[in-house]
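J.: Sharing a structure with you now.
The values are calculated or read from the model by the stated rules, or taken from the named source; none is laboratory data. What you see is a predicted model, and the numbers here were worked out from it, not measured in a lab. Positions of Cβ are backbone-derived with ideal geometry, glycine not excepted, and every protein chain shown enters the neighbour counts. The protein model used for the area step is the full one, side chains on, heavy atoms only, and it has no ligands, DNA or RNA in it. Shrake-Rupley method; radii C 1.70, N 1.55, O 1.52, S 1.80 Å.
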Amino acid sequence: MQYNISKISEYYRKHPWQVWHRCSTFAIKLMTFVLMLGWDWLTGSIRKNQGKRAIHLRETITKLGSTSIKLGQILSCRPDIIPPIYLNAITDLQDQIPTFPDRIAYQLIEEELGSDYSEIYAELSPSPVAAASLGQVYQGRLKTGEVVAVKVQRPGLLESISLDIYILRQLAGLIQNNVSFVHSDLLAIVDELGTRLFEEADYLHEAENAEKFAHLYGNIHNIKVPRIYRKYTSRQVLTMEWIFGIKLTEVETLKSLGLDPDYFINLGFECALQQLLGEGFFHADPHPGNLLATAEGELAFIDFGMMSSLEVSYRYRFIESMIHILMSDFEGLAEDYIKMGFLPPETNLKPLIPDLEEIFASALGASVTELGFNQIINKLSPLLYKYPFRLPTYYLLIFRSGASLEGIALKVKPDLQVFAQAYPYVASRLLTATVPELKTCLQDILIKDNRINWQRLEQLIQYASKNKNSQLKTLINPLLNFIESESGSVFRQLLIRDILADLDALPSQLLTKIIQGIAGNAGIYISAQPPRTPTLDFIQRVGKLLVANSVNPLEFVPDIVHLLLKPEAQRLGQKVIEEWGWKMLKGFSLELFVKNY
């Protein structure tokens, strides 16, 4: 049940006729479709025969088996790639995949669970209610009354997957060894796909995935995860709670029930952010058939065969790169590509920075139709050959997951602003971070050219306050703790400098304001601007933001007092007083010297 390319290769080297037979099947079926398209082009009947060709394409993909169906399901989420008439045909792959005989399914249930299906289920539909690429689903009822979905695996599934992966691997090797402009490790990508397909073919593994997903995300408001019945689950039979729901792409049906399709898209996107950037355990196959809206307003995730995990360090890098995009820091974004392993450390990043700026300059206000996965990939594609990019294998399933969700959004909510919606979450994660990596990232973002960028900090706080899963008042204490921490050492030094500059400018600022006030009462307008006090101005604006969010700034007095009592804070205050006192003393001494001499 585990993917082992060595054993697979050893087997098919001894059985070449199976490989040739499968390759010829692929070639014949695909060549037939291509020849039909060519004939349509020669006869000028492309538009006329589109419907027939779309159905033929769906049938071809279906006949080629589970692996090709999986690839077809990815394409069915891409209306910006596939023409609409073909898209409608391929979408039927989600629910209209041919079934295998019921007697084989019932026999497999008996073999796997050790009893006749009638002894386990009080009811079981006489035929499948849905067919998936790797199995088919029956609706049943347990003896205890619960309505369940019973998924039974297709016969000969592992053999079919093994052969297709072997052929894909041979093809990937030929391309990788003979096409000079291909930098990605295609063999590793195929191996990653093979590993995931083998995992998906193990229903015990899927049961573990579902339970882990429920543990991590089942407490998110209106996220539904079906219960797994372990007693009636094996490697090839899975029994889980039946979800009564509607696909997100059935917009009119949702509206007729008083449900808002946009709400479910937003909820799905928020949950995806939590999966990818929060816990790191994410659903890698959220196509329209695997996301259902319930009448109770819940978003249900089903089918947990293809899941993946993102290491903690990569999650931090993704958060950092998102912030750099949102703040238009393209130099930082280019450096992120090295940190994430997309580029080797010795890469000259200087010419890359303007290319990235051209791609992401308008990201914050762009909709999914204007700057989605497809647009980004199209714009990045020339750079893949211009620079030594190597996309790590872990990125494959992230792209699959994001592309599937984006495909649903394109159908349901094409004006979804992905980057703008992600900003509150990533800003909140960054400001409340307790790990050194993100604290260092925060300091790198806030300090530019040896100065504190107070405007950036204010922007982070403003967007973080829009994150419905965090409150503004919960952001201040972590920020104060960051200033005190070891990661904030450079920030503290620059903070001392800014406070001293503010103290110097404060008398002049107050005097200018007094003069302007007196002149204003006399009907005289004075345009002179008082000296700026960045630190004090920032505190004032954040105070207004707190009040606007119904938070009393006085609530933070005990926390600030507690912070000031800490040794590091006392040293910081002492440093400010010493520097200011020394500055005043030097000024006073200089004045005495000038007067006397």
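J.: Which listed residue (Ala293, Ile376, Leu343) has the Cα farthest towards the positive end of the charge dipole for region 270-395, taking +1 on Lys and Arg C-beta and -1 on Asp and Glu C-beta about the Cα centre?
T.: Positive-most Cα among the choices belongs to Leu343.
J.: Peptides 449-457, 432-440: what's the order by average Cβ count within 10 Å, highest mean first?
T.: Order by mean packing, descending: 432-440, 449-457.
J.: Let's see if you can work this out: charge +1 on each Lys and Arg Cβ, -1 on each Asp and Glu Cβ, no other charges. What is the dipole magnitude of region 241-388 about its Cα centre, in debye to the nearest 20?
T.: With Lys and Arg at +1 and Asp and Glu at -1, about 380 debye.
J.: When the Kirkwood radius is taken over all Cα pairs of region 162-265, what Stokes-Einstein diffusion coefficient follows at 20 °C and 1.002 mPa s, in µm²/s? Intermediate values should be presented prior to the final figure.
T.: Numbers: Rh = 17.5 Å.
For these conditions, the coefficient is 123 µm²/s.
J.: Is there a pair in Lys448/Lys544; Lys151/Lys255; Lys70/Lys224; Lys14/Lys70; Lys247/Lys411; Lys70/Lys151 whose C-alpha atoms are over 19 Å apart, and which pairs would that be?
T.: The answer is Lys448/Lys544; Lys151/Lys255; Lys70/Lys224; Lys14/Lys70.
J.: State to the nearest 20 debye the size of the charge dipole of region 169-297 about its Cα centre, where the only charges are +1 on K and R beta carbons and -1 on D and E beta carbons.
T.: Taking the Cα centre of region 169-297 as origin, the dipole is about 300 debye.
J.: Near Gln417, within a Cβ-to-Cβ distance under 14 Å, what is the net charge of the other residues, with Lys and Arg +1 and Asp and Glu -1?
T.: Surrounding charge for Gln417 is -3.
J.: How much of Ile353 can a 1.4 Å solvent probe reach, expressed as accessible area in Å² and rounded to 10?
T.: Accessible area of Ile353: about 40 Å².
J.: Give the aspartates and glutamates reachable from Lys466 as a straight Cα distance under 17 Å; neighbours fewer than 8 places away on the same chain don't count.
T.: Filter leaves Glu270, Glu458.
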